[in-house]
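The values are calculated or read from the model by the stated rules, or taken from the named source; none is laboratory data. It should be emphasised that the depicted structure is a prediction, and the values quoted were computed from it without experimental measurement. Backbone-built Cβ (ideal geometry, glycine too); neighbour counts: all protein chains shown. Ligands, DNA and RNA are excluded from the accessible area calculation, which covers all protein heavy atoms including side chains. Shrake-Rupley method; radii C 1.70, N 1.55, O 1.52, S 1.80 Å.
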Amino acid sequence: MRRIYLLLWFIIAVQFDGFSQPPAMIEGRISGFPYGNILLIRVAGHREMKVGDTKTDNTGAFRLFLSQKPQPGLYRIVLDRTSARASVDLLLTGGNIGFTSSLPLLADSAIFFGDAQNIALHDYRQLKKDAEKKIGILEQILSIYPEDERFYPRVVEEAELLKTEFKTKALAIASQFPRSLLSSYIRSDLPVFPPASMLPSDKQKFLFENFLNNIDFSDSLLLYTDIFASKPLEYVMLFRDGRNDVAQQTRYFIQAADRLLTKAKVEPKVFNYLLDYLINGFEQIGQQAVIDHIARTYEPTEQCLADHESGELQKRMEGYKRLATGNPAPGINAIDITGMPFTLKSGMATHTLVVFYASWCPHCNTMMPQLREIALQANAGNPKNPVLRIIAVSIDSDSTAYQDYIAKNQLNDTAMASFWVNLCDLIGWDGKIASDYYLFATPTLLLLDEDLKISAKPSSAMEVATLAIIKPTGN
């Protein structure tokens, strides 16, 4: 069957030979997907960018022509549907690519023809999937089977044999394409298996020390694949344990970040990418202490700072340093929405929360009403000597949307006038307060002590209530 596909592809190539050919063409047929939208996505670590699209015909067939020569790297064919987004990966190296597949198992059923590297990539991924499944079954058996029984060493032997066979076959695939992106991808993607006979605790230590060994941190072309997103994420997750308290978990995450960034120092572009990726990741799980450690310890590589994204990273890193816990908060001098001048002063409350938000931010829409209730409860009975004062800074640029949001959520309630301040200069991210606080995302919260030093960077309203020693009710 594969020979038939190769012959068909050769005929298509001959037919196009006499015309001005585009830099690349992707052709395929997806059974069960008639008249569907096909998207071509370029993968760059954890980022994805659309570079082309087309539609299938009544049989699920399509041709996607690229108007410009594509950057070599990993790309993703995505079926744009309302119910699901099935996808299949491929490498673009400058030539034409063809494949067939079917739903619902788009990636597993894909058969590539005409392009040897994509055939090899999917052979490798299937090989890896099968090996990990079999090894996982055997390791599960070993975890419950008595070590002193004669079957135990046989299972260990079989598990080690599977690992050796997998590695040998994978490297054989890679060696067919020396000095290629595919070869580097396979070698960096190779999983590290602990010895099957190891105790679970020893396996964990083994992975801590050896998981990163196969990754080629010096190859910046891998930035245009998913390697530097998937592998570091897997590594960080090795250090996550629900049994740890907050301080222990922070220490483990710092270890993971340090090992990753130390490895990445061999290539400036990879190092800068991982700095940004780790900061984004730890922000999402509320690990501010880890971010502060990264900001204090590492600097973006200077030779990459001409790049726009690296310049933004430099700005963010500078912001983390200046807004680290224990540092004084930047001053605020502005006009509030009632037209009155406002200056951030010490001694105004036991705790001051500076919160940046926007009317169009979904998370803000959940958080701001919660903060209102927490502030009302915290200051109930003595609003003139507030326990918690909130400085709500909106980065809206649409006056009508902002005013409607304030009214709808009762953020201009006169009963809160002594402990709630609304600020908005209606120039969005470019406002002075946003700039002074190195704002790059909403919502952003900074909790200040009575002397206006940063005491914490909460990630939720409930965390504000806990840090401010308030017993919240409701949400």
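Worth pointing out:
- Qualifying positions in segment 217-226 - in a helix (DSSP H, G or I), under 10 Å from Gly45 (Cα atoms) and touching a residue at least 60 places away in the same chain (Cβ under 8 Å): Leu223, Tyr224
- Whichever residue in segment 96-122 is assigned to a helix (DSSP H, G or I) and under 27 Å from the mean Cα position of the chain (by Cα) and, among such residues, is farthest from Gly36 (Cα to Cα): Leu121
- Residue tally, condition under 16 Å from Glu463 (Cβ atoms), surrounded by 18 or more Cβ atoms within 10 Å (Cβ to Cβ) and either without any contact (Cβ under 8 Å) to a residue 24 or more places away in the chain or polar (S, T, N, Q) (or both), over segment 352-368: 1
- Residue list for segment 385-415, restricted to those being open to solvent by 10 Å² or more (accessible area, probe 1.4 Å), β-branched (Val, Ile, Thr) and part of a helix (DSSP H, G or I): Thr400, Thr414
- Filtered by the rule that a residue be under 31 Å from the mean Cα position of the chain (by Cα), closer than 25 Å to His122 by Cβ, in contact (Cβ under 8 Å) with a residue 12 or more places away in the chain and not in a helix (DSSP H, G or I), segment 138-197 gives Phe177, Ser180, Leu190, Pro191, Val192, Phe193.
- Only one of Met340, Met348 that is more than 34 Å from the chain's Cα centre (by Cα), over 19 Å from Val464 (Cβ atoms) and not polar (S, T, N, Q): Met340
- Test for Lys167: is it open to solvent by 20 Å² or more (accessible area, probe 1.4 Å) and either modelled with pLDDT of 95 or more or at positive phi (or both): yes
- Filter result for Ser175 (modelled with pLDDT of 95 or more, open to solvent by less than 90 Å² (accessible area, probe 1.4 Å) and within 30 Å of Thr225 (Cα to Cα)): yes
- Single residue of segment 239-250 satisfying the filter (loosely packed, with under 14 Cβ neighbours inside 10 Å and in a helix (DSSP H, G or I)) that is modelled with the lowest pLDDT: Val246
- For segment 61-95, a residue qualifies if it is surrounded by 21 or more Cβ atoms within 10 Å (Cβ to Cβ) and not in a strand (DSSP E or B), but none of them does.
- Residue within segment 376-387 that is within 37 Å of the chain's Cα centre (by Cα), under 18 Å from Gly431 (Cβ atoms) and among the polar types (S, T, N, Q) present: no
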